[in-house]
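Every read-out reported here was derived from the displayed coordinates using simple, explicitly stated rules and does not represent laboratory data. Treat the numbers as computed from the prediction; the structure is a model and nothing was measured. So basically every Cβ, Gly included, is an ideal-geometry build from the backbone, and we count neighbours across all protein chains shown.
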Amino acid sequence: MSDRSLHVLNLVPRGLLALGTGVVLAFRGIAMPVGNKQVPEPAKPVDLKQYLGRWYELGRYDNSFERDCEAVTAEYSLRPDGLIRVLNTCRARSPDGPLRSAEGRAKVVVGSGNAKLKVSFFGPFFVARYWVLDHANDYSWSIVGEPSGKYLWILSRDPTPAAEVQHALVDRVRELGYDTTMIRMTHQPPD
C-alpha cells in the first residue's frame, strides 16, 4: 500500500484526496481494532533493488483509506533524491471500477536493514511507519505492517497466486502474531 505536495491537493479528485487523507488519519491513531498487540520486528533485511516494482495486494486489515478498494497495487521506484516513490492505486468497488491513486514518498529508517520506512503522502508533517515484516527470498511476496498492529497488508508480485500460496501467506501472518480473521481478501482482475 506517500507525499506529493500541497499543489497536488488542488488537482486530485475528491476520492483520491480521501484515499490519501485516510492514510494519514489511519496512522495518526483513529480507533481501529488491533490485530496484533505485539508486532514483531522485521524478520530480515530488505534489498531495496529487489523490493522496488509493482506489488499486488492479496489481503489487508480493513481500513478507512482503502474503503471500497479492489485491484489494489503499490508501485515502488527510486527517486533521483534517493527517496522511494510510492504510487498506490485501486479500483473503486470492483476490479474494473473507477481508478483511484495516491502518490507519496518513503524514506528508509537508518539501521533497519531497509525493512522500515517512513512514508508520507502529504508532506513531512504526516508520516506513517511501514515495516516489511517478512518477505520471500525471491521477493515474490511480502507481509507489511506497522507498530500499532492495526494495519496489515499481504502483497504478491502475482495478482492471483495459487490458493496454496495464499494459504501459506495467511499461515505466516498468523505465525507473526496477527489475527487472521480480520484479513479482508482483495479482489484482483482475472489473468
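Exposure proxy ranking for Glu66, Glu164, Glu146, based on other Cβ atoms within 10 angstrom of each Cβ and starting from the fewest, stands as Glu164, Glu146, Glu66.
Amide H contacts under 5 Å for Gly59: Ile154, Thr186, restricted to partners 5 or more places along the chain or on a different chain, H placed in the peptide plane at 1.01 Å from N. A cut-off under 10 angstrom between Cβ atoms defines the neighbours of Val132, and their net charge, with Lys, Arg +1 and Asp, Glu -1, is +1. By the rule of a C-alpha distance below 16 Å, with chain neighbours fewer than 8 residues away ignored, the lysines paired with Lys37 are Lys150.
Partners of Lys49 within straight-line reach, counting lysines whose Cα lies under 26 Å from its Cα and excluding those fewer than 8 residues away in the same chain: Lys107, Lys116, Lys118.
Counting only Cβ charges, +1 for Lys and Arg and -1 for Asp and Glu, the dipole size of the range 6-185 around its Cα centre is about 600 debye.
In loop segments of the range 84-167 as defined by DSSP, the chymotrypsin sites (Phe, Trp or Tyr not before Pro) with at most 10 further C-beta atoms inside 10 Å of their C-beta are Phe125. Stretching the chain fully between Ser94 and His167 yields a gain of 24.0 nm (0.36 nm per residue, less the alpha carbon separation). For the range 6-185, the equivalent ellipsoid derived from the Cα gyration tensor has semi-axes of 23, 19, 17 Å, listed largest first.
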